[in-house]
Amino acid sequence: MSKRQEIICGLDIGTTKICMLIARSFPGPGLEVVSTGYALSGGLKKGVVIDLEEAAASIRKAADEAELKSGISVDWVVVGVSGDHVQSFNCHGAISIDGKNNEVSLRHIQQVIHAAQSIPMPAGRDLVHILPQEYILDNRGDIINPVGLTGSRLDVNIHVVTCQESLKQNLVAAVNRAQMRVERVVLQQLASAEAVLTADEKELGAAIIDIGGGTTDIAAFLKQSVRHTSVLPVGGDHFTRDLAVGLCVPIDVAERIKKEFGTVLVDGIAEDETLETQGFGTNGPQRISRKVACQILRDRAVEILELVKAEIARSGIREYLTTGIVLTGGGSMLDGMLPLAGEMLELSARQGIPRGVLGLTDDLFHPVYATAIGLAMYGAGKNGDHAPASGRSSSASWFPHKFLSWVSN
C-alpha cells in the first residue's frame, strides 16, 4: 500500500477555526490519529470563502503544524463543506428486474439509484452525496442490500445533498492554493456524525446538531441511514457579536466574556454581580452586569434552538428521534446549552465527543474536533455514499463529475 493510501487527512475549514487531522488507516478497518494542526480562520464567512488568499494562508498554517508534528507531507485531503448554499432532498426511484431468475445484481442497484437521482438539477448545483435510505423489493421495504435477492420490481429511497458549484470550487481553490489537493468533499454534519454517533443512535433515531462558528448544521438518522440534513445560517459567532453590540465592547473582549463568564442559565446569577471590561478607544475599564451579558447569550441561544426546532418539525423527523439529539461544535460548549436544548426541543440531549479512533489524546476528546476526526473516518470508511470522490477517478463511480484540479501558486 502506498503512502497516499495509508495516510488520510481530514481538513475542517470552519468560519472561526481551521483544523487539520492526519491519520493512518490499517486493516480491520481501523484509524489512528497521527497529528493535528490548528489555526484561526481567515477569509471565510458562514462557511463560504470570501478572501481566497487569506483562507489559503489559514489552511496552510494548520497544515504546517500538523505536518511538522508528524513529519508527513500531506497531498490529498478530505474537506468538509457547509453554508446556507447547501441543499438536500429525498428522492424515490424504481426499475423492473430483468436477467437470470430475476435476481438483483449490482447493475440493478446502479440503475435504480440513477433513476432516483435523475430528476433535473438546477444550473450551478453540484452533487455532494447520494445516500441510499432503503431498498424495496416487490413492496417489501427496510432492505439494506438487495443484491442476490429475487424479485420483479426494485425501488429505492435516497437522500441527495447538493451545493452551489461555484462556492464549492472556491473552497477547493483555497485548498489548492495551500498546496494540497481535494480527494473528496463531505457535508460537515455527516462527518461530525461519523465521529460522535453510536450505531444504536443511528439505528433507533437521533439527530446531530453541530453549532459551528457561522452555521448550525443538522443531520437526522434512522435505521442506519440519513433521513434529513440542513444548514441554518446562524452559529457561535452570533453570540460574540451580540455581546459586542449589546455591551458596546470590542469583539475580542466579547469573546473573552463569552468563554470565561458566559452561560445561558441566568436564573442563578446575582443581580449585583458585575464584570470589569475594556470599552472602545481610550475609555478606561467599565463595569457591566454579568446577568445582562448572559441574558444576551440566552436570547441568541433560544433563537438558534427555535430555528432548529422549526427545522426538525418541518422535516417530519421529530417523532423518529427515539434516542434524542447530540450537540457538537464549538457553539455547543457554551455553558448551559445542553440542558437548554433538551428543554426547548423536548428531547434527551447529550454532548457529542469523538469516539472510535485510536490515538485520541485528552485534548481531542472535545466537540470542536468532531468534524476533522469524522472527515478522516469518512475518508477511510465505506459508508454507502454513492457520490464519487472529487479528485480521483474510480471504477466504482456511478455518476459523472468534474475533476478538481490542483491549481499551483
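Bear in mind that the values in this text are calculations on the coordinates, not laboratory data. Predicted, not measured: the structure shown is a model, and the values here were computed from it. A quick note on method: Cβ atoms are made from the backbone with ideal geometry, for glycine too, and the neighbour counts reach across all protein chains shown.
Details
- Comparing mean-square fluctuations of 148, 352, 279 from a GNM of the chain with C-alpha springs under 10 Å, the top value falls on 148.
- Cα gyration tensor shape for region 150-238, rounded if a/c is under 1.5, else prolate or oblate: oblate
- Region 236-299-region 188-227 distance, computed between alpha-carbon centres (Å): 32
- Rounded if a/c under 1.5, otherwise prolate or oblate - the chain, Cα gyration tensor axes: prolate
- Put simply, when 353-359, 298-304 are sorted by average Cβ atoms within 10 angstrom per residue, most first, you get 298-304, 353-359.
- The charge dipole of region 8-128, taken about its Cα centre with unit charges on the Cβ of Lys, Arg, Asp and Glu (plus for the first two, minus for the last two), comes to roughly 200 debye.
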